[in-house]
Amino acid sequence: MPTFEQIKSKMQKHTVGIAGAGGLGSNVAMALVRVGIGKLIIADFDVVSESNLNRQFYFRDQLGSKKVEVLKENLLRINPDVEIEIFDVKLDRHNLLTIFGSVDVMVEAFDSADMKELIIELFQSEKPTTPLVVGNGMAGWGESNDLELQKFGNLYICGDNETEIGPSMPPLAPRVLICAAIQANTVMSILLENCFSNEYNPQP
C-alpha cells in the first residue's frame, strides 16, 4: 500500500476544474485539497446565502461574500500550498472551455439541468479525452446505497440519477456530501490509475 505522502506526490502534479461552488463543488474541492491536489480551477458567480449553510463548505460569517473568494480562503486554511485559480463569472457555452480547457479532470457541480447538459455536450464534443465527473440525483435523505458511480467512456455520473431537487425534496448535507465524496473519490481514482503496483491500483 502506498503511503499518504506517495499519494500526495502524485496528486500534486494534477489540475482539476470545478464548475460550480455550491453543495457539490465546494465539498469536492475540500476533499481534493485534503488529499493533496496540486491545483484547482473553480468558477461560480454566486454569493453565500443562509440557505447554503445546510450543505456547503461555508460559514455564517461569510454570508453575502462571493463563493469563489471565500471558498479559496477556506481551502487555503486546509492546505496553504495548493494553487487555486478562481473565476467569479457565470459559466456559459462561450467561456467554459476557455476557463477549463487545460484541466486533467473536470468536475461538474451545477444546480441547473440545462448547464449539466451543456458541459457534457461541450466536453464530449470538444474535449473527449478529458474525464468529466458529473453529479446527478442527491436530494432528500436516506437511501445512501442508491448513490453510485456509472461510467460511460470518459463520462462519470455520480448520484442516483432520480431524485430531483424540489420543495418536498431539498438538498441536504448527508446525501449531497455522499455524492460529492463519490465525485472526489472518482477524480482520485482517475488521477492515480496506474501510478502504483497492482497491489494498490484504485479503479473508477
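Tabulated data
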| quantity | calculated |
| --- | --- |
| Peptides ranked, highest mean first, by Cβ atoms within 10 Å: ranges 162-174, 98-110 | 98-110, 162-174 |
| Phi to ³J(HN,Hα) by Karplus 6.51 cos²θ - 1.76 cosθ + 1.60 over the stretch 131-147, Hz, x for Gly, Pro | x, 10, 10, 10, x, 8, x, 8, 6, x, 8, x, 6, 4, 6, 6, 7 |
| The chain: relative contact order as a whole-number percent, Cα under 8 Å and 6+ apart | 23 |
| Distance in nm between pseudo-label sites at T129 and F152 (7 Å out along the Cβ direction from Cα) | 2.3 |
| Mean Cβ neighbour count within 10 Å, used as a protection proxy, ranking 40-51, 57-68 highest first | 40-51, 57-68 |
| Fraction of antiparallel bridges per DSSP, the stretch 4-192 only, in percent to nearest 5 | 25 |
| FRET efficiency, E69 to L97 (Cβ-Cβ, R0 25 Å, nearest 0.05) | 0.60 |
| Förster-model FRET efficiency, 30 Å R0, D111 and C195, C-beta, rounded to 0.05 | 0.35 |
| Cross-link pairs beyond the 21 Å C-alpha cut-off, checked among K10/K39; K116/K151; K90/K151; K8/K67 | K90/K151; K8/K67 |
| Computed FRET value (nearest 0.05) for L122 with Q12, which takes r as the C-beta separation and R₀ as 22 Å | 0.20 |
| Answer label, with semi-axes √(5λ) of the Cα gyration tensor in Å calculated from the coordinates and candidates (1) 24, 20, 18; (2) 26, 21, 14; (3) 40, 27, 14 | (1) |
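Taken together, the values in this text are just the output of simple stated rules run on the coordinates, not laboratory data. Just so we're clear, the structure is a prediction, and the values are computed from it rather than from any experiment. Cβ: placed from backbone, ideal geometry, glycine included. Neighbour counts: every protein chain shown.
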